[in-house]
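Colleague: I have a structure I would like to understand better, so I am pasting it below and will then ask my questions one at a time.
The values are calculated or read from the model by the stated rules, or taken from the named source; none is laboratory data. Keep in mind that this is a model prediction, so the values were computed, not measured. Note: ideal-geometry Cβ built from the backbone for every residue, glycine included; neighbour counts use all protein chains shown. Note: areas computed on protein heavy atoms with side chains; ligands, DNA, RNA excluded. Shrake-Rupley method; radii C 1.70, N 1.55, O 1.52, S 1.80 Å.
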Amino acid sequence: MFGLSENPHTWLSGLAAFLLLGLLSPQAARGQPDATAMLRERLGLRRIDLMALDGGRAVVRIPKANDAREVAVLGVVRIDAPMDFLVERFRDVEGFMVSDRVVAQVGTFSAVPSTQDLESLSLPEGDIEALRECKVGNCDVKLPHSAIERIRREVDWSQPGYRDRASEVIASELVQYLRSYMSGGNAALITYHDKGEPLSLAEGFRILHGKSRQVMDGDAGLHDYVEYFPEVGLPGAEDIFYWTVEDFGLKPVTSLDHMMIIRDPATCGSHVYIAIKRIYASHYFHAVIKLATLMPVSERGPQNRTYLVLFARMRFDGGVRGLRRFVLERRLKNYWTLELTSLRSRAVEEYRATRVAAR
């Protein structure tokens, strides 16, 4: 079983406080300032950025990272639709991601995960062939020790049905692993043994959470829920588990994600926080966490305009330097700009359609 600015420190610390910790204690949440002021004062957005948001454009920046294994990206977009409508769009994982340019396959898990939840999953052909030669410490697919050994025991590569059998084993491993995580949290996260250096996913998340702990000063409930699920509960929190196959133009990545939607007025005020932890990735990634905030553009004005602030920190399984980093960061910025702009257009169109239908 699966056992951006000139001051990057200010950017990363501020983003961590703003997005991961919820920033606001229950006392502060009751007196939230105008969202535009928050973007300007706490994220350092300039007047030209705010004008771009008002014009329907996304603002995307790549903060500088001090760790060669990490890449961070921040995106902000204004969507002319209410928060409740957007939360429903996030909750509808399959519908939400179907138009994403890199998501080739997507599916959600039942409350009690089973291999039936993975019936539509088609593992990349290259991964199945790579499993044929897979050994502990030398595997072209990111897997833990136990899964590698099980594949070696249970898949007869000389038989015509080896592809189906390999897929069955991987599906079984993914489901057992997800069940363990749902009951044990980070303690159940796997250690990858595909290379000579084992990579603990729990350690990867500990590193990503490190900076946020340094700036935590207020209600720690949001942060603790993200880090200590399921041991620590939080009112108004909802958990969604899903799988994807993403094609970035290199090796397709099969992943398991845990989405946490957090909307408790006592903790979040009028905001909604969404955290996504990548608890498995078949290639490239050591750990990934995406953090989003949905907030009304104005507490006093129309409630059908929302800012979406999305921040991701990605820790890779090796250093990303020089030209490779330059190309990756440029692609990330272009990709996020296109995706946020597309998301805005789709959400606005769908929201308008629901209003017309309701008349």
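Colleague: Restricting to DSSP loop positions (anything but H, G, I, E, B) with no more than 14 other Cβ atoms inside 10 Å of their own Cβ, which GluC sites (Glu not before Pro) remain in region 59-143?
Modeller: The qualifying sites are Glu119, Glu133.
Colleague: In square angstrom, what is the accessible area per residue of the chain with a 1.4 angstrom probe?
Modeller: Each residue of the chain exposes 44 Å² on average to a 1.4 Å probe.
Colleague: What does the charge add up to near Ala287, with Lys and Arg as +1, Asp and Glu as -1, over the other residues with Cβ less than 13 Å from its Cβ?
Modeller: Around Ala287, the surrounding residues sum to +2.
Colleague: In percent, how large is the relative contact order of region 235-276, given Cα pairs closer than 8 Å and 6 or more residues apart?
Modeller: 37 percent
Colleague: Local charge sum around Leu50 (other residues, Cβ-Cβ under 15 Å, Lys/Arg +1, Asp/Glu -1)? Please list the in-between numbers first.
Modeller: Values: positive: Arg40, Arg42, Arg46, Arg47, Arg57, Arg61, Arg78, Arg305; negative: Asp34, Glu41, Asp49, Asp54.
Result for the neighbourhood of Leu50: +4.
Colleague: Further question: Excluding residues on the same chain fewer than 8 positions from Lys64, give the lysines whose Cα lies under 28 Å from its Cα.
Modeller: Lys142, Lys195, Lys211, Lys251, Lys277, Lys290, Lys333
Colleague: Subtract the Cα-Cα distance of Ser345 and Arg42 from 0.36 nm times their separation in residues, and report this length gain in nm to one decimal. Don't jump to the answer; show the numbers that get you there.
Modeller: Details: separation 303, 0.36 × 303 = 109.08 nm, distance 2.65 nm.
Stretched out fully, the Ser345 to Arg42 stretch lengthens by 106.4 nm.
Colleague: Something else about it: Can you tell me the dipole magnitude for the chain around its Cα centre, using point charges on the Cβ only (Lys, Arg +1; Asp, Glu -1), in Debye to the nearest 20? Working shown, then result.
Modeller: Numbers: 46 positive and 46 negative charges, 267 e Å.
My answer is approximately 1280 debye.
Colleague: What part of the accessible area of region 247-351, given as a whole %, is carbon or sulfur when the probe is 1.4 angstrom?
Modeller: Looking at region 247-351 in its full context, I get 58 percent from C and S.
Colleague: Once every DSSP H run of n ≥ 4 in the chain is given -39500 (n - 2.57) and the sum is divided by its residues, what mean residue ellipticity at 222 nm do you get, rounded to the nearest 500 deg cm²/dmol?
Modeller: -12500 deg cm²/dmol
Colleague: Can you give the net charge of the other residues whose Cβ lies under 15 Å from the Cβ of Glu41, counting K and R as +1 and D and E as -1?
Modeller: +2
Colleague: Can you list the residues of region 241-283 with backbone N under 12 Å from a point 7 Å past the Cα of Ala104, pointing along Cα to Cβ?
Modeller: 245-255
Colleague: Oh, and also: Roughly how much of Arg330 is accessible, in Å² to the nearest 10, using a 1.4 Å probe?
Modeller: Accessible surface of Arg330 is approximately 130 Å².
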